[in-house]
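Working notes for the structure below.
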Amino acid sequence: MKLSVWLSSLAMVIGSANTLAATTPLSNFLGCTDQSFPVVTQAPFDKLISSVVENGRITLKAGTKSDMGQRWMFDKPVTVNGLVVTGFFAEDMDIKGSRIINWGFYSQQTPGQIAALLKTTGVDLPVAGEVLARPEIWSEQHATWQLETSDATAGKLVADTSERVLMVEPAPEDVAGSHGMLTCSLQGKVSQAALKSSRPDLLAR
């Protein structure tokens, strides 16, 4: 094989690897699995959010308090696979007997723009009220998440089982320069098995 051809092939392989690496944080987040929250410890977010990992538990440092948790706003927006990210948030609270755990990104883009971007990656979110959402229910019997096929619980707070939702919604008005949010949420009667599947860092130790 000629050197020029070999170098060209090598460049194509490296280019493909770099493209895959660039998509990893966003694709990992979109699953809302146990690989979702750790994206904050990966590039480019590891340079923007200080964190410590001990025995698998991720602790984010600094940040500022919000009404429901904490947020970390970036000095400058960063773009990850077309998503223009302005900050990150993490929340864990109890409302009316239901636990709600949210984590995700603020974006310069509107919910419609974010949804259109996700659609190009194969993630097509149904509309649920004013948000776009992919709701899943935890099956204790099968120890897995199953897509909700009924709209009976759409937009309602689930209290008798664990629900996991990937959402695109408007950003709060007090988050300057941000129009949309990309959120992973666990809510309802969150079992230890469901928690382990998506947020093992929050398991009691």
- Item | Every residue from the stretch 164-182 that is farther than 16 Å from residue 146 by Cβ and buried (at least 22 other Cβ atoms within 10 Å of the Cβ) | 168, 171, 178, 180, 181, 182
- Query: Is there a residue in the stretch 36-50 that is part of a strand (DSSP E or B), polar (S, T, N, Q) and open to solvent by 20 Å² or more (accessible area, probe 1.4 Å)?
  - Reply: no
- Message: I need the full set of residues from the stretch 57-84 which are surrounded by fewer than 16 Cβ atoms within 10 Å (Cβ to Cβ), over 28 Å from residue 122 (Cα atoms) and in contact with a helix residue (DSSP H, G or I) (Cβ under 8 Å, 6 or more places away or on another chain), in order please.
- Response: 57
- Exactly one of (1) part of a strand (DSSP E or B); (2) farther than 21 Å from residue 163 by Cβ is unmet by residue 94. Its number? (2)
- Note on the structure: For the stretch 113-141, the count of residues that are more than 18 Å from residue 25 (Cα to Cα) and open to solvent by less than 50 Å² (accessible area, probe 1.4 Å) equals 10
- Task: Look at residue 93 and say whether it is open to solvent by 50 Å² or more (accessible area, probe 1.4 Å), within 23 Å of residue 169 (Cβ to Cβ) and touching a strand residue (DSSP E or B) at 6+ places or on another chain (Cβ under 6 Å).
- Result: no
- Message: Looking only at residues that are charged (D, E, K, R) and part of a helix (DSSP H, G or I) in the stretch 187-205, which one is modelled with the highest pLDDT?
- Response: 196
- Hey, among the residues in the stretch 57-70 that are of a type in the set (Lys, Arg) and in a strand (DSSP E or B), which one's modelled with the lowest pLDDT? 57
- Query: With respect to the numbered conditions (1) within 17 Å of residue 25 (Cβ to Cβ); (2) part of a strand (DSSP E or B), which one is the sole condition not fulfilled by residue 73?
  - Reply: (1)
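The values are calculated or read from the model by the stated rules, or taken from the named source; none is laboratory data. Small disclaimer: the values here were computed from a predicted structure and weren't measured. Positions of Cβ are backbone-derived with ideal geometry, glycine not excepted, and every protein chain shown enters the neighbour counts. Only protein heavy atoms, including side chains, enter the accessible area calculation; ligands, DNA and RNA are left aside. Shrake-Rupley method; radii C 1.70, N 1.55, O 1.52, S 1.80 Å.
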